[in-house]
Amino acid sequence: MEIRFMVFVLTAALMLSVELAAGGTFSSRLIHGYSDEAMSFWASKGKSVTCPKRESVEHMRLLLSNDLKRQRLKLGLQKQLLFPSEGSKTHFYGNDLSWLHYAWIDIGTPNASFLVALDAGSDLLWVPCDCVQCAPLSSSYYSMLDKDLNEYSPTRSSTSKHLSCSNRLCELGPNCQSPKERCPYTVNYYSENTSSSGFLFEDQLHMTSVGGHEHQGSVLAPIIIGCGSKQSGSYLNGAAPDGVMGLGPGEISVPSLLAKSGFVPHSFSLCFDKSNSGTIFFGDQGPENQRLSSFVSLDGNYNTYIVEVQRYCLGGTCLKQNGFQALVDSGSSFTYLPSEIFTKVVTEFEEQINATRLATEDFPYCYKASSRGLPNIPSMKLVLAANQSFVIQNPVFTISSGQGDNFYCVGILPIEGMIGIIGQNLMQGYRMVFDWENMKLGWSYSKCQDIGGSAKVPPTPPPSGLASNPLPTNEQQRNPGGHAVAPAIAGKATLKPSAASLHAVSCRHCAMSYLLLSLVLWLPYLI
């Protein structure tokens with residue numbers, strides 16, 4: 001009965017549009033398929049149509065079913081993943097670029113390339129732009145790079161337009177003198193005196209799709225970008241000189257905007273293998289056999305990737321009374337535990353390791369290999385909510401001294417407060433899935449080569465292959481002989497919880513074609 005009723009509804013809408021257009025005008029008005037007017041129309045044609053009682057359980061179930069069908073049409077029947085047009089590979093340059101992971105992305109028309117740090121702890125994508133105070137961008141300043149870094153300029157991109165202060169995503173809008181002014185932004189990060197500021201713009205992010213209806217194709221995704229004219233702190237000292245891609249769940253982030261434009265689900269994955277390379281995929285919700293733990297609220301708000309850590313285990317010992325909440329953050333090189341928990345962990349670690357501690361200036365728990373061989377490093381794991389084990393595959397990192405000695409340091413540091421940080425050093429060897437759509441963190445062992453096996457950059461995609469949807473909105477390991485400092489840790493930008501609104505699109509002369517197309521698209525799902 002439901003299938004027949006939906007066919008009737010589509011046919012009714014088509015016939016009503018035909019009658020309205022018979023007078024020679026090309027206009028139409030929308031009539032809800034379950035409205036009294038629609039029922040009267042069928043009655044006038046001698047048709048008897050039964051529909052669920054308005055606001056009944058059956059009526060709500062039918063509406064929900066139709067919403068799911070439309071969403072399936074929008075996202076595609078097959079799984080589609082997106083990755084940056086320059087490739088899904090992430091890059092790691094060690095101490096040369098603050099021990100963070102990076103990806104090359106293309107923005108604007110014509111496109112310009114940027115090497116952005118991947119940061120799940122913040123939301124905004126910003127790049128150096130019309131610089132007043134930026135880090136050096138010349139390749140001669142960075143020995144590991146073979147090309148200069150870019151500076152974005154809105155005037156050089158034909159698809160760029162400023163975000164006005166009246167836009168709901170303009171957090172500083174209330175401070176503007178006029179709603180038509182350009183929207184300013186300032187993002188302050190956890191690292192001392194580290195920030196980026198400038199103005200917000202809309203532009204296009206060049207992406208490549210794999211899976212879905214076509215094996216591989218090019219996509220132009222509308223995004224919001226921070227024109228970062230002024231940086232401070234760590235961002236002037238080698239951390240993210242060419243910008244940061246905020247991967248947080250906020251409305252202004254790239255994963256959120258891709259989802260709201262209907263390209264992919266609100267989810268993405270990062271994979272860092274033990275050789276320090278990796279991948280990034282948007283829309284990835286992970287394999288079926290992955291472990292899962294729910295995201296939890298922070299002070300009653302769900303606005304960042306926080307998980308509940310119930311226990312910390314070393315060897316065969318799980319410490320008592322050591323539960324805490326932790327931010328899962330790819331923008332943090334190392335892992336940070338609340339001070340009280342940190343003391344318990346390193347005390348137990350000291351009891352289990354067969355080596356003498358040699359503290360360094362910045363990492364107090366380092367150990368030297370003895371003549372008997374490597375120290376016996378105890379295994380570690382976090383037990384997250386629902387008793388889900390997160391085995392730490394790489395709890396230590398190595399330091400080489402000028403005399404050829406190797407030191408093994410625990411990549412864990414204390415932090416004030418009761419919120420810890422699970423940094424990228426503990427993510428190595430895992431495919432980490434940040435699934436905001438289902439409010440789950442997923443993880444599974446991976447060599448970072450089993451996701452989107454053919455995710456390579458297509459050779460010069462033709463312009464006709466581009467797809468675009470409208471924007472849905474009105475540190476560091478110690479350097480031998482040097483000084484190791486804490487990495488740039490991104491802070492979560494405060495955003496309003498309201499959903500972004502879709503642009504209204506007017507179309508006088510396409511109503512008939514649209515209804516016909518809708519009928520053609522819907523019929524396969526209704527029979």
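Scanning region 273-313 for residues that are assigned to a strand (DSSP E or B), of a type outside the set (A, V, I, L, M) and out of contact with any Pro (no Cβ under 8 Å at 6 or more places or on another chain) yields Gly278, Thr279, Phe281, Arg291, Ser293, Ser294, Glu308, Gln310, Arg311, Tyr312, Cys313.
Of the strands (runs of 3 or more DSSP E) lying entirely inside region 191-272, those carrying at least 1 residues that are at positive phi are 195-211.
Scanning region 144-164 for residues that are surrounded by fewer than 19 Cβ atoms within 10 Å (Cβ to Cβ) and within 10 Å of Cys227 (Cβ to Cβ) yields a count of 2.
Name, by its number, the condition in (1) modelled with pLDDT of 85 or more; (2) touching a strand residue (DSSP E or B) at 6+ places or on another chain (Cβ under 8 Å); (3) in a loop (DSSP other than H, G, I, E, B) that does not hold for Ser333. Failed condition: (2).
Return yes when Phe268 is in contact with a strand residue (DSSP E or B) (Cβ under 7 Å, 6 or more places away or on another chain), crowded, with 24+ Cβ neighbours inside 10 Å and modelled with pLDDT of 95 or more and no when it is not. So Phe268 passes the test.
In a residue-by-residue description of region 124-143, the property of being assigned to a helix (DSSP H, G or I), open to solvent by 10 Å² or more (accessible area, probe 1.4 Å) and not hydroxyl-bearing (Ser, Thr, Tyr) applies to no position. Close Cβ contacts (under 9 Å, 6 or more residues apart or on different chains) running from residues in region 338-362 that are farther than 17 Å from Ser379 by Cα to residues that are part of a helix (DSSP H, G or I) comprise Arg357/Glu350.
Are any residues in region 271-304 aromatic (Phe, Trp, Tyr) and closer than 21 Å to Phe92 by Cβ, and if so, which ones? Result: Phe272, Phe281, Phe282.
Applying the criterion of being outside any loop (DSSP other than H, G, I, E, B) and open to solvent by less than 20 Å² (accessible area, probe 1.4 Å) to the residues of region 179-189, the residue that is farthest from Gly226 (Cα to Cα) is Val187. Can you confirm whether Gly417 is small (Gly, Ala, Ser), modelled with pLDDT under 95 and more than 17 Å from Val383 (Cα to Cα)? For Gly417, the condition - small (Gly, Ala, Ser), modelled with pLDDT under 95 and more than 17 Å from Val383 (Cα to Cα) - is met. Out of curiosity, is Glu214 at pLDDT 95 or above and farther than 19 Å from Leu118 by Cβ? No: the conditions fail for Glu214.
For region 405-440, filtering for residues that are small (Gly, Ala, Ser) and under 24 Å from Leu258 (Cα atoms) leaves 0. The residues of region 107-130 that are touching an Asp or Glu at 6+ places or on another chain (Cβ under 6 Å) and either among the acidic types (Asp, Glu) or modelled with pLDDT under 95 (or both) amount to a single one, Gly121.
Each row is one residue, and each column tells you yes or no for (1) of a type in the set (Asp, Glu); (2) open to solvent by less than 10 Å² (accessible area, probe 1.4 Å); (3) more than 25 Å from Thr304 (Cβ to Cβ).
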{"position": "Ser229", "(1), (2), (3)": "no, no, yes"}
{"position": "Ala239", "(1), (2), (3)": "no, yes, no"}
{"position": "Gly243", "(1), (2), (3)": "no, yes, no"}
{"position": "Ala259", "(1), (2), (3)": "no, no, no"}
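Here is a check on your reading of the model: is Glu192 surrounded by 18 or more Cβ atoms within 10 Å (Cβ to Cβ) and charged (D, E, K, R)? No: the conditions fail for Glu192.
Within the set Ala355, Ala386, Ala359, the sole residue that is at positive phi and not in a strand (DSSP E or B) turns out to be Ala386.
The values are calculated or read from the model by the stated rules, or taken from the named source; none is laboratory data. Everything quoted here is computed from the prediction, not taken from an experiment. Don't worry about glycine lacking a Cβ; one is built from the backbone with ideal geometry, like all the others, and counts go over all protein chains shown. These accessible areas exclude ligands, DNA and RNA; they are computed on the full protein's heavy atoms, side chains included. Shrake-Rupley method; radii C 1.70, N 1.55, O 1.52, S 1.80 Å.
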